[in-house]
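> Handing you this structure, nothing more for now.
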Amino acid sequence: MKISIFAGVLLLSAAVLSVDGQSWVQFQNKHINDGMTAGQCTAEIAARRIVTPPTLNNPRNSCKVFNTFINTRNVNAVLDVCVGGGTPHRNGFRISTATFSLIDCNLVNQVPPAVPYNCRYNGVARNNRRIIVRCENGQPVHFHGSQ
């Protein structure tokens with residue numbers, strides 16, 4: 001009995017440690033796309049199968065309301081934010097010292113509501129933005145925003 005309680009606590013601890021539940025590979029899929037234009041949001045989000053995962057209130061995948069792509073071919077510049085190319089930011093995040101071009105993709109309100117992978121997005125290009133990320137093991141795992 002004590003061993004199963006200990007195992008349960010260990011599993012819970014592992015789940016809490018990976019707050020964002022995302023790896024560097026998943027971060028790249030969701031947030032890095034060299035050469036993307038604002039008009040490609042709908043196609044890219046569908047192709048990469050980016051969704052909001054199920055929750056207690058919504059037991060199915062749903063269209064992600066907002067997603068940002070970092071428009072760079074230098075993946076190492078994004079990795080650097082977690083090591084020497086970024087500084088501490090609020091609540092344990094890091095902000096890049098370098099700037100990036102971004103594409104912000106906003107879900108278009110659809111009636112009836114769209115379901116994955118038929119979600120439509122409007123994109124907005126943004127230049128010279130510093131990115132804010134959460135890092136785990138020296139790698140970005142969550143995109144928090146930009147300035």
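> When the residues of the range 79-89 are filtered to those that are open to solvent by 50 Å² or more (accessible area, probe 1.4 Å) and over 20 Å from ASN128 (Cβ atoms), which remaining residue is modelled with the lowest pLDDT? Break it down stepwise before answering.
Here is the first cut: in the range 79-89, the ones open to solvent by 50 Å² or more (accessible area, probe 1.4 Å) are 80, 83-84, 87-88.
Keeping just the survivors that are over 20 Å from ASN128 (Cβ atoms) gives 83-84, 88.
Details: VAL83: 92, GLY84: 89, PRO88: 94.
Filtering first and then ranking leaves GLY84.
> Could you list, ordered by first residue, the pairs with Cβ atoms under 9 Å in which the first is in the range 24-48 and more than 13 Å from ALA125 (Cα to Cα) and the second is of a type in the set (A, V, I, L, M, F, W, C) and part of a loop (DSSP other than H, G, I, E, B), at least 6 apart or interchain?
Taking only residues 6 or more apart or on different chains, the pairs are ASN29/ILE50; LYS30/ILE50; THR42/VAL108; THR42/CYS119; GLU44/MET36; GLU44/ILE50; ILE45/CYS119; ALA46/CYS119.
> Here is a follow-up. Listed residues ASN118, ASN137; which is more than 19 Å from GLN26 (Cβ to Cβ), over 15 Å from the mean Cα position of the chain (by Cα) and open to solvent by 60 Å² or more (accessible area, probe 1.4 Å)?
None of the others qualify; the one that does is ASN118.
> Considering only the range 18-50, state which residues are hydrophobic (A, V, I, L, M, F, W, C), in contact with a Lys or Arg (Cβ under 8 Å, 6 or more places away or on another chain) and crowded, with 18+ Cβ neighbours inside 10 Å. It would help to see each step written out before you state the result.
Narrowing the range 18-50 to residues hydrophobic (A, V, I, L, M, F, W, C): 19, 24-25, 27, 32, 36, 38, 41, 43, 45-47, 50.
Cutting the leftovers down to in contact with a Lys or Arg (Cβ under 8 Å, 6 or more places away or on another chain) gives us 19, 45, 50.
Those that are hydrophobic (A, V, I, L, M, F, W, C), in contact with a Lys or Arg (Cβ under 8 Å, 6 or more places away or on another chain) and crowded, with 18+ Cβ neighbours inside 10 Å: ILE45, ILE50.
For every residue, the table says whether it meets (1) free of Cβ contacts under 8 Å to residues at least 40 places away in the same chain; (2) closer than 12 Å to CYS41 by Cα.
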position: GLY84; (1), (2): yes, no
position: ALA114; (1), (2): no, no
position: GLY123; (1), (2): no, yes
position: ARG130; (1), (2): yes, no
position: GLN139; (1), (2): no, no
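> Taking only the range 90-107 into account, find how many residues are at pLDDT 95 or above and open to solvent by 30 Å² or more (accessible area, probe 1.4 Å).
Qualifying residue count, the range 90-107: 7.
> Further question: Report yes if THR55 is in a loop (DSSP other than H, G, I, E, B), surrounded by 15 or more Cβ atoms within 10 Å (Cβ to Cβ) and free of Cβ contacts under 8 Å to residues at least 60 places away in the same chain, otherwise no.
Against the criterion (in a loop (DSSP other than H, G, I, E, B), surrounded by 15 or more Cβ atoms within 10 Å (Cβ to Cβ) and free of Cβ contacts under 8 Å to residues at least 60 places away in the same chain), THR55 does not qualify.
> From the list CYS82, CYS41, exactly one residue is more than 24 Å from GLU136 (Cβ to Cβ) and not acidic (Asp, Glu). Which is it?
That would be CYS41, the only listed residue that is more than 24 Å from GLU136 (Cβ to Cβ) and not acidic (Asp, Glu).
The values are calculated or read from the model by the stated rules, or taken from the named source; none is laboratory data. All figures in this text were calculated on a predicted structure; none of them were measured in a lab. In this analysis, Cβ positions are derived from the backbone assuming ideal geometry, glycine residues included, and neighbour counts consider all displayed protein chains. Areas reflect the complete protein model, heavy atoms only, side chains present, ligands, DNA and RNA absent. Shrake-Rupley method; radii C 1.70, N 1.55, O 1.52, S 1.80 Å.
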